[in-house]
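See below for the structure under consideration.
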Amino acid sequence: MAKRMKPAEGAMTLAEMKEFAGFAAATQRYVRRSLDVGLDRDDAMIRWSRDVVEAASIRAQAQHYRRLPAIRALVPDDSGLESAEQMMAPLITLTAFDLGQGRLTSFSAYRFLYERLVGAQVRPWLPAAFCAASAMPHLHPELRRTLLQSISEAAATASGWSSRQPAFFPYWVEKVDVTALPH
């Protein structure tokens, strides 16, 4: 028997879908591709590479995303600095890679992706990782400015975070020729 969603769960899922729909097409594509790579969904190389440059980018992404299981295991249960050190370095490095791809151009897009890649427990650490990676010298100064200006004061200074896991995980849907469907 199918489990029924509570009204609040449905509303939150709809809010997540609306947030994703508000991202630029290139950001949506990168998020879906990243989820395929990071969650081992489908064959990302076959689905997403349009040329040799993109294929190389996906291979590099897969190499970096091998750190995801370790990052998930290292997310601290509290805000203590002692336990944060082991997790933050790989999280910042992974974040710097993704931001360097130029498709995640705001904190909200980054947060959306990383809540799904790592899980809700990483939320308190995302502003710090995002700001650190956004300030790295490998990014063009204009991109650094755009990224750092995208994080709101509320996101940067939140006193608490939801532990609710995301419900909406966008994926690729093949186009259908509606003229070929039976009427």
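Annotations for the structure displayed:
- Among the residues making up segment 74-92, those that are over 18 Å from Gly160 (Cβ atoms) and aliphatic (A, V, I, L, M) are Leu74, Leu81, Met87, Met88, Ala89, Leu91, Ile92.
- Meets criteria (part of a loop (DSSP other than H, G, I, E, B), open to solvent by 40 Å² or more (accessible area, probe 1.4 Å) and either within 20 Å of Arg72 (Cα to Cα) or not aliphatic (A, V, I, L, M) (or both)) for Gly160: yes
- With respect to the conditions (1) more than 19 Å from Glu16 (Cβ to Cβ); (2) surrounded by fewer than 20 Cβ atoms within 10 Å (Cβ to Cβ), Ser150 falls short on a single one, namely (1).
- Enumeration of residues in segment 3-40 that are modelled with pLDDT of 85 or more and not in a helix (DSSP H, G or I): Gly22, Phe23, Ala24, Leu39, Asp40
- Among residues of segment 82-104 that are hydroxyl-bearing (Ser, Thr, Tyr), those with a Cβ under 8 angstrom from a residue that is open to solvent by 30 Å² or more (accessible area, probe 1.4 Å), sequence gap 6+ or separate chain, pair up as Ser83/Leu74; Ser83/Asp77; Thr93/His64; Thr93/Arg67; Thr95/Ala132.
- Pairs, first more than 21 Å from Leu99 (Cβ to Cβ) in segment 146-165, second of a type in the set (A, V, I, L, M) and open to solvent by less than 70 Å² (accessible area, probe 1.4 Å), C-beta under 7 Å, six or more apart: Ser162/Ala120; Ser163/Ala120; Arg164/Ala120; Gln165/Ala120
- Residue match in segment 41-56 (condition: in contact with a Pro (Cβ under 7 Å, 6 or more places away or on another chain) and in a helix (DSSP H, G or I)): no
The values are calculated or read from the model by the stated rules, or taken from the named source; none is laboratory data. Keep in mind that this is a model prediction, so the values were computed, not measured. Please note: Cβ atoms are built from the backbone with ideal geometry, for glycine as well, and neighbour counts cover all protein chains shown. Ligands, DNA and RNA are stripped out before the accessible areas are found, and what is left, the full protein with its side chains, is counted by its heavy atoms. Shrake-Rupley method; radii C 1.70, N 1.55, O 1.52, S 1.80 Å.
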